[in-house]
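The values are calculated or read from the model by the stated rules, or taken from the named source; none is laboratory data. Computed from a predicted model, the values in this text were never measured in an experiment. Positions of Cβ are generated from backbone atoms using ideal geometry, with glycine treated the same way; all protein chains shown enter the neighbour counts.
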Amino acid sequence: MTRLFERAVRGEPVERFPVWMMRQAGRYLPGYRAIRAKTPFLELCRTPELAAKVTLEPIELFGMDASIVFADILLTGDAMGCEVTFPETGGPKFLDPIRTPADVDRIHAADDERTRCVAETIAILRRELPESTSLIGFSAAPFTLCAYMIEGGSSRDYLITRRFAHAHPAAFERLMGLVADALIPYLREQFEAGADVLQLFDTWGAVLEPELHRRWVIPMTRRVIDGLGADRPPVIYFGGLGGEGRLRSGVETGADALSVDWQTDLARAYATVGDQVRLQGNLDPAILLTDPKRIRARTHEMLARVPAGKAHLVNLGHGIHKDTPTENAAAFIEAAQSFVPTQEAGADARA
C-alpha cells in the first residue's frame with residue numbers, strides 16, 4: 001500500500017489532502033508533559049522507548065496522516081563536539097559556541113553513537129504506527145544548525161552568525177561543509193531504520209542576505225539531499241521564517257516539497273513554483289489558540305487557495321504553540337481531513 005502522505009509528497013493523485021503538524025509531539029499534550037515532569041529533555045530524546053511513546057501520542061489522539069519522530073535538530077551538533085544543554089527555561093544552549101575560525105578546528109565528524117537513538121526510535125515506531133500513517137525523519141538543514149552552533153542558542157536576528165559569515169567566509173564555509181557531511185549519514189540511517197519521508201528544517205535560513213543565501217544555504221542543502229543517494233525517500237525542505245521571496249531558490253535544493261511559513265501567500269507560492277515541487281503548510285499557529293469554529297473556517301479558507309489538482313500537504317506555518325488546547329489541535333486535523341477540493345481539482349487529480 002502506498003500511503004496517502006507519500007503519494008502527496010510525490011505529487012501523485014490523492015483523494016484528499018494529508019495533514020500533520022510541525023512539533024505535533026510536544027508541550028501542548030498531557031502525556032508529553034507527564035513524561036517531561038520526571039525526564040530531562042535530552043534523556044527523553046536518547047531513550048527510544050520514551051521518544052516513541054511521545055511520538056505516538058498525537059497519532060492516537062488525532063489520527064494525523066504522518067508522524068514525525070520525536071528528536072531535536074541540535075543532536076548532530078552535540079555529536080560533532082559542540083556540547084548542547086537544554087535548561088528547563090530559556091531554550092537550548094551550546095556550552096562553548098563557535099566564535100573564531102580556530103573554533104571550527106575542534107568540530108569533528110559526528111559520533112554516530114550519540115545520535116543512533118533516533119534511528120532506534122524510528123525502528124520502534126515503524127512497528128507500532130498504523131500501517132496507513134507515514135513516518136517522517138528529520139534534521140536541521142546545514143545553515144540553521146551552524147547558526148545555533150555559532151550563536152550559542154536561539155536569537156532574534158542571528159547577528160553573531162551573520163557577522164561570522166561576513167568576517168570569516170572560509171571558516172564559515174568549512175563549518176557548513178562539515179555539518180552537511182555529518183547530516184547525510186544521520187538522515188540515511190533514519191531512512192534505513194524505516195522513515196518514509198525526510199524533512200530538513202532551515203528555520204533561520206532566510207536571515208542571510210540574498211548573495212550569501214545563494215552561496216551557502218542552497219548549495220549546502222543540496223549537498224545533503226544529493227548525498228542521500230538515488231534511492232533516497234522524498235525530502236521536504238522548510239526554508240525558514242520570512243522565506244517567501246526565496247521559493248525559487250528553494251526549488252534548487254532538489255527537495256520534493258517545500259514547507260512554507262504562515263507569512264507566505266499560498267496562492268502566490270503555487271504560482272511561483274508551478275509543478276516543480278509540492279508545497280506544505282501554512283496555517284498561522286496562532287489561529288489554533290482561538291476556537292474550533294474559527295480554526296475550521298480558516299483551515300478551509302487556506303485550502304481553497306490550493307490550485308486545482310495539486311496534492312497539497314496540510315500543516316501549520318511553523319510549530320504548534322505549547323499553549324494550544326488539544327480540542328483546537330483536533331479541530332485543525334478534522335478540518336483538513338474533511339476538506340473537499342473543488343470539482344475541478346478532483347477531475348484534474350483523476351486525469
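In table form, for the structure just shown:
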read-out: Helices (runs of 4 or more DSSP H) wholly inside region 1-86 containing at least 2 residues that are at pLDDT 95 or above and touching a helix residue (DSSP H, G or I) at 6+ places or on another chain (Cβ under 7 Å); value: 30-36, 41-45, 48-62, 75-79
read-out: Selection count where residues are among the charged types (D, E, K, R), touching a strand residue (DSSP E or B) at 6+ places or on another chain (Cβ under 8 Å) and under 20 Å from ASP275 (Cα atoms), scope region 222-264; value: 2
read-out: Cross-chain or 6+ apart pairs with Cβ under 7 Å, region 109-124 first and surrounded by fewer than 16 Cβ atoms within 10 Å (Cβ to Cβ), then acidic (Asp, Glu) and in a helix (DSSP H, G or I); value: ARG114/ASP78
read-out: Residue check, GLU301 surrounded by fewer than 21 Cβ atoms within 10 Å (Cβ to Cβ) and either under 15 Å from the mean Cα position of the chain (by Cα) or more than 19 Å from VAL9 (Cα to Cα) (or both); value: yes
read-out: Residues satisfying the stated conditions in region 16-47, i.e. in contact (Cβ under 8 Å) with a residue 40 or more places away in the chain, surrounded by fewer than 21 Cβ atoms within 10 Å (Cβ to Cβ), of a type outside the set (S, T, N, Q) and over 15 Å from THR324 (Cβ atoms); value: ARG16, PRO40, PHE41, LEU42, ARG46
read-out: The lone exception for THR115 - which of (1) closer than 22 Å to LEU187 by Cβ; (2) of a type in the set (S, T, N, Q); (3) touching a strand residue (DSSP E or B) at 6+ places or on another chain (Cβ under 7 Å) it fails; value: (3)
read-out: Total residues in region 311-351, condition of a type in the set (Lys, Arg) and at pLDDT below 95; value: 1
read-out: Some residue of region 174-187 being closer than 24 Å to VAL19 by Cβ and touching a residue at least 24 places away in the same chain (Cβ under 8 Å); value: yes
read-out: Of residues in region 91-108 being among the hydrophobic types (A, V, I, L, M, F, W, C) and either surrounded by fewer than 14 Cβ atoms within 10 Å (Cβ to Cβ) or assigned to a loop (DSSP other than H, G, I, E, B) (or both), the one modelled with the lowest pLDDT; value: LEU95
